[in-house]
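Working notes, structure below.
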Amino acid sequence: MAAAALVLSAAPVSAAVPPTPSGWSLVWSDDFNGTAGSLPSSANWIIDTGHNYPGGPANWGTGEIQNYTNSPQNVSLDGSGNLRITPLGSSQSWTSARIETVRSNFKPADGRILRIEGRIQMPNVTGNQALGYWPAFWALGSPYRGNYWNWPAIGEFDIMENVNGINSVWAVLHCGVAPGGPCNENNGLGASRACPGSTCQSAFHTYRFEWDRSVSPNQLRWYVDGQQFHSVSQSQFDATTWSNMTGHAGYFILLNVAMGGAFPNGVAGFATPTAQTVSGRPMVVDYVAVWQSNGGGSDPGGVDARSTIQAESYQAQSGTALEATSDSGGGQNVGWIANGDWLRFDNVNFGSTAATQFRVRVASGAAGGVSGLVQVRLGSPTATPIGDFAVGNTGGWQSWTTVPGALAATTGTHTVYLTFSSGQPADFVNVNWLTFG
């Protein structure tokens, strides 16, 4: 059966996600608040259906046997701030659910740490009744979408995997080539441990993955309830392998409960599920959130206002996201910018000679009639702008142009906010860099 993708109806927003830690910024989250029986938010999630992506490997490439559906019986909010993914069936006939984030660009800026975290209770079933259950919280490299045959080179971060109701969480990195290669495919580079305190099945636990670009060589780390139990270093890989799994636009996040397949079968030593496997035990997800660290301390002299300030080097932001840029110099740009969004740059040093203009590298593929203002403010995102310019469609989201704007004479060192204002709700601009003069 071929797979399809369904985009879902939106659910209300609540505040179950933990407070953002000091030194971090919230990039994205879903706390799964909404009406009992409703589907998760279409703004955040896509439901995968069937036995494979269109044109992709059969049985999702793993040998799992379930048919993924968009039925609320298999995937829905519970009305108490949780998502439930529930396998239903018997013997060799099962349905379940698999969802993936609409966004596929989760990646830390250079010098930052990306943290992906979820609070999850695995299906509460153990022993022979759990044979074949395979819950997972994971991320795939964005180039997989639309290709479906470039795994494992594009990278896979398994933040939480479990099979057969065992009190253990597996953390695994997939990369390189299969079979074999630098990530020992098809097994991957992994580690496992028992959940702290209560078993993985009987209680919620917090599963976390960090991609650290603030250190050299870069590191990947896995945690359960704040306790690190697995790490991988960039130094373990050749440059091509590392680039293939980290050099693209980023990752998308997945939640699913598979039934049967290579992993549970391999652990059990025989085909699963069996006649003893029980139906209807859900994986329950309280929240999924993504944070990025705000970076290290600034140089005592501050950031030179007359230097090229990369947009992705912000100390904080609201409403935006990073993506790979095709502009000269490569790297990343800040995108998905709409009315009310902002970027904050700390300790920008204008010196004693007043700056009277600013220039911003922008691109826009905004629809006709959609435009907005790029504004400079000091000290607060709601302060009176000291400079602005209007921008509309430039020919595409990667069609770059440098736009100048007049600036009220500015000296000294300031916290600079680049703010964005539009009379329409749609995204209207991407930003690659800015400078003052």
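The values are calculated or read from the model by the stated rules, or taken from the named source; none is laboratory data. As the structure is a computational prediction, the values presented were derived from the model and not from experiment. Virtual Cβ from ideal backbone geometry, glycine too; neighbours counted across all protein chains shown.
Restricting attention to region 303-334 and to residues that are of a type in the set (V, I, T) and assigned to a loop (DSSP other than H, G, I, E, B), the residue that is farthest from F106 (Cα to Cα) turns out to be T308. Criterion applied to I99, I65, I47, I85 was being among the β-branched types (V, I, T), out of contact with any Phe, Trp or Tyr (no Cβ under 9 Å at 6 or more places or on another chain), outside the structural domain of V334 (by TED's automatic domain parsing) and buried (at least 20 other Cβ atoms within 10 Å of the Cβ), and the one residue passing it is I85.
Is at least one residue of region 86-103 of a type in the set (D, E), touching a strand residue (DSSP E or B) at 6+ places or on another chain (Cβ under 9 Å), closer than 20 Å to N265 by Cα and in contact (Cβ under 8 Å) with a residue 40 or more places away in the chain? Within region 86-103 (the criterion being of a type in the set (D, E), touching a strand residue (DSSP E or B) at 6+ places or on another chain (Cβ under 9 Å), closer than 20 Å to N265 by Cα and in contact (Cβ under 8 Å) with a residue 40 or more places away in the chain), the answer is no, since none of the residues qualifies.
In region 184-197, of all residues being in contact with an Asp or Glu (Cβ under 8 Å, 6 or more places away or on another chain) and within 19 Å of Q121 (Cα to Cα), the one that is surrounded by the most Cβ atoms within 10 Å (Cβ to Cβ) corresponds to C195. The selection criterion, being more than 16 Å from F204 (Cβ to Cβ), not hydroxyl-bearing (S, T, Y) and not assigned by TED's automatic domain parsing to the domain that holds E323, holds for P143. Here is the figure for region 170-197: residues that are part of a loop (DSSP other than H, G, I, E, B) and closer than 25 Å to R115 by Cβ total 9.
The residues of region 148-186 that are under 24 Å from T277 (Cβ atoms) and of a type outside the set (D, E, K, R), listed by number, are M160, N162, V163, N164, G165, I166, N167, S168, V169, W170, V172, N186. The criterion of being in contact with a Gly (Cβ under 7 Å, 6 or more places away or on another chain) and closer than 20 Å to W291 by Cβ holds for D31. Residues of region 256-289 that are of a type in the set (A, V, I, L, M) and farther than 25 Å from R112 by Cα: V257, A258, M259, A262, V267, A268, A271, A275, V278, M283, V284, V285.
In region 392-405, is there at least one residue being at positive phi, in the same structural domain as S318 (by TED's automatic domain parsing) and modelled with pLDDT of 95 or more? Yes: region 392-405 contains one or more residues that are at positive phi, in the same structural domain as S318 (by TED's automatic domain parsing) and modelled with pLDDT of 95 or more.
Given the residues S235, S202, which is the only one that is farther than 30 Å from L88 by Cα and of a type in the set (S, T, Y)?
Every option except S235 fails the conditions.
Please find, among A354, A338, the residue that is surrounded by fewer than 23 Cβ atoms within 10 Å (Cβ to Cβ), at pLDDT below 95, assigned by TED's automatic domain parsing to the domain that holds Q424 and aliphatic (A, V, I, L, M).
Answer to the selection: A354.
Residue count for region 408-427 satisfying the condition of being more than 15 Å from A311 (Cβ to Cβ) and crowded, with 20+ Cβ neighbours inside 10 Å: 3.
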